[in-house]
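**Student:** Provided herewith is a single structure, encoded as structure tokens, for subsequent inquiry.
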Amino acid sequence: MKSRVSIIIPVCNKSAYIRTCIQSIQGQSLKELEIICVDDESTDGSAEILEELGRSDPRIRLIRQKNQGPGAARNRGLEAATGEYVHFMDADDYYMSGMALERLYHAAVNAAIKIVGGLFYHDDAGCVSFQNIYGELAGQAEEGEKILYNRYQYDFYQYNFLYEREFLKRNHLGFPLRRIYEDPPFMVRAMTLAEEFCIVKEPFYCYRWSHARGVFSAAKAADLLDGLLENLNFSAEHGQKKLHRITCSRINEMYVSEILCGMKDDVRVLQRLLNLNEAVKWEWLEEKEAVQARMLKPLEILMNSIRTGSMAAEIANRRFLFPFQRVRAGSRIALYGAGLVGREYYDQLMLSEHCELVLWIDKNAEQIHRDDYDIRGIHELHLVQWDYIVIALADLEIALAVWDDLLRMDVPKEKIVWSVMGNRR
């Protein structure tokens, strides 16, 4: 039997919900389906439930993999899929209507369109409610009418859409290998490449809402920031101002506590936040305060708390933060100054993979001895190839004097970086 739709479900410890999820698929009026379940090393019996269900329904295919997260699981399922369209479903969610897949599939085929969505619902502890995820488009667009993604420019709810499989394959579209925030970059790229989608006004997908966010580790915060940065850069590149603003609002409103929490354990989370701050097109934002400050909210909270010696100083565990946002990734750094600021910069550079320390100089190099790094005199500055010289001094007047000395040594102005506690040359 030829599959019209391949339903791809990453499964990791969802034994409480997976049976309901599968039964909602089995109850669909469209029978030409394949149900690809990718078990991400569950330990709660989820895979055994799927094996049991598969014995009476040959459309269920169980694939097992080492725990790699939902992005890798969806990619594995996509490789195995054979349907004309694919739907990426979560293991604790379910379909609202028995006609959902049939309505969406036929609408997509009739409109010869690559992406089609239905009506979206939330299940909050058994209380199910409709949520309009299309905004004004829900009332403006006729059912099946093609809608330009540039009118929509949203990034969430990828699971509310069917995608033409050959379109995804032809454009090498898959999910980033992250454990969080892998969905929005996939959806944004798919929608942008497809250019258009349509809506079927049929109850389709029900998302089971969970209020528990759990512990937010540094690794999880890093994945989150990488995903946000991906969408910031993509929206900037494609002139998608609305999407850019939405992504900034996610950083400033939705994920502030998670970002700050992740920073407690790893200074590289701060590096990613600084990269995000540099990627913002401030002229596209509407909030005057944010544009004037040119600082994302988590970074502003961090900097203000460091100045007042409160909580965020412990998060960063540094009085002076290396200006990762001012230097290009992969660049070679010459560090000027081996005092308190220089030592803290050195520690952060050793923790980071963003750039490489190739030279550490100080005017009093002869009097400084470190077992872990050989500090050189300023006369060796031109003996090593570097991309930036970072001035590691807190005092403004002394830093400006060093700046002038470097200019007299024919160091290009654009290669000199000084940024301590938010102060910039």
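**Student:** Keeping all protein chains in place and using 1.4 angstrom, which order do M99, M295 fall into by accessible surface area, from largest down?
**Tutor:** M99, M295
**Student:** While we're looking at this one, here's another question. Could you work out what % of the accessible surface of the stretch 94-227 is carbon and sulfur, using a 1.4 angstrom probe and leaving DNA, RNA and ligands out of the count?
**Tutor:** Here carbon and sulfur together make up 52 percent of the probe-accessible area.
**Student:** Just add up the charged neighbours of T20: K/R +1, D/E -1, any other residue whose Cβ is under 13 Å from the Cβ of T20.
**Tutor:** Overall, the nearby charge balance is -1.
**Student:** Dipole magnitude of the stretch 156-269 about its Cα centre, charges +1 at Lys/Arg Cβ and -1 at Asp/Glu Cβ only, in debye to the nearest 20?
**Tutor:** In debye, rounded to 20, the stretch 156-269 gives about 140.
**Student:** Here's another thing I want to ask about it. Give the long-range amide H neighbours of F175: residues separated by 5 or more places, or on another chain, with amide H under 5 Å away, using H modelled in the peptide plane at 1.01 Å from N.
**Tutor:** Amide H neighbours of F175, under 5 Å, 5+ apart: N75.
**Student:** Mind checking which of L407, I368, Y388 is farthest towards the positive end of the stretch 351-413's charge dipole, using Cβ charges of +1 (Lys, Arg) and -1 (Asp, Glu) about the Cα centre?
**Tutor:** So the residue furthest toward the plus end is L407.
**Student:** Next question. With springs connecting C-alpha atoms under 10 Å apart, model the chain as a Gaussian network and identify which of Q23, Q153, Q271 has the largest mean-square fluctuation.
**Tutor:** Highest fluctuation among the options: Q23.
**Student:** Which ³J(HN,Hα) values in Hz, rounded to whole numbers, follow from the phi angles of the stretch 380-386 under the Karplus curve 6.51 cos²θ - 1.76 cosθ + 1.60, where θ = phi - 60° and Gly and Pro get x?
**Tutor:** Karplus values, whole Hz, x for Gly and Pro: 8, 4, 8, 8, 10, 7, 9.
**Student:** How would I301, I35 rank on accessible area, largest to smallest, probe 1.4 Å?
**Tutor:** The residues order as I301, I35, largest area first.
**Student:** Please state, to two decimals, what the Cα-based radius of gyration of the stretch 57-97 comes to when divided by 2.2 N^0.38 Å (N = residues).
**Tutor:** 1.27
**Student:** Sticking with this one: Would you mind calculating the gained length between R19 and E283 on full extension (0.36 nm times residue separation, minus the Cα-Cα distance), in nm to one decimal?
**Tutor:** Extra length available between R19 and E283 comes to 90.1 nm.
**Student:** May I pose another question? For the stretch 3-48 and the stretch 73-149, what is the separation of their C-alpha centers, rounded to whole Å?
**Tutor:** Value for the Cα centre distance between the two parts: 16 Å.
**Student:** Same structure, new question: Count charges around N231 for me, please; just the other residues with Cβ under 11 Å from its Cβ, Lys/Arg as +1, Asp/Glu as -1.
**Tutor:** Residues close to N231 contribute a combined charge of -3.
**Student:** Can you give the charge dipole size of the chain about its Cα centre, rounded to the nearest 20 debye, using +1 on the beta carbon of Lys and Arg and -1 on the beta carbon of Asp and Glu?
**Tutor:** About 400 debye.
**Student:** In addition: Taking the Cα centre of the stretch 1-158 as the origin and placing charges on Cβ (Lys, Arg +1; Asp, Glu -1), which of A107, Y157, I22 is farthest toward the positive end of the dipole?
**Tutor:** Selected residue: A107.
**Student:** In what order, largest first, do R59, R74 sit by accessible area if the probe radius is 1.4 Å?
**Tutor:** Descending order: R59, R74.
**Student:** Given the protein chains as shown and a 1.4 Å probe, how many square angstrom of L285 are accessible, to the nearest 10?
**Tutor:** Per-residue accessible area (L285): approximately 20 Å².
**Student:** Also, I was wondering about something else. How big is the accessible area of K242 in square angstrom, nearest 10, if you roll a 1.4 angstrom probe over the protein chains?
**Tutor:** Estimated to the nearest 10 Å², K242 gives 90 Å².
**Student:** Okay, moving on. Expressed as a rounded percentage, what relative contact order does the stretch 104-235 have, with Cα pairs under 8 Å and six or more residues apart?
**Tutor:** 37
**Student:** In this model, which of K201/K242; K220/K242; K241/K413; K14/K297; K114/K297; K66/K220 are farther than 29 Å apart at the alpha-carbon?
**Tutor:** In this structure, K241/K413; K14/K297; K114/K297 lie more than 29 Å apart at Cα.
**Student:** How much accessible area per residue does the stretch 191-274 have, counting only protein heavy atoms and a probe of 1.4 Å, in square angstrom?
**Tutor:** So the stretch 191-274 comes to 40 Å² accessible per residue, rounded to a whole number.
**Student:** Same structure, new question: T43 accessible area, nearest 10 Å², 1.4 Å probe?
**Tutor:** For T43, the solvent-accessible surface is approximately 120 Å².
**Student:** Could you point to the residue in Y207, I180, T192 farthest towards the positive end of the stretch 120-212's charge dipole, with +1 and -1 charges on the Cβ of Lys/Arg and Asp/Glu respectively?
**Tutor:** After comparing all options, I get I180.
The values are calculated or read from the model by the stated rules, or taken from the named source; none is laboratory data. Keep in mind it's a predicted model, so treat the numbers as computed, not measured. No Cβ is skipped: glycine too gets one built from the backbone with ideal geometry, and neighbour counts run over all protein chains shown. Surface accessibility is based on the protein's heavy atoms, side chains included, excluding ligands, DNA and RNA. Shrake-Rupley method; radii C 1.70, N 1.55, O 1.52, S 1.80 Å.
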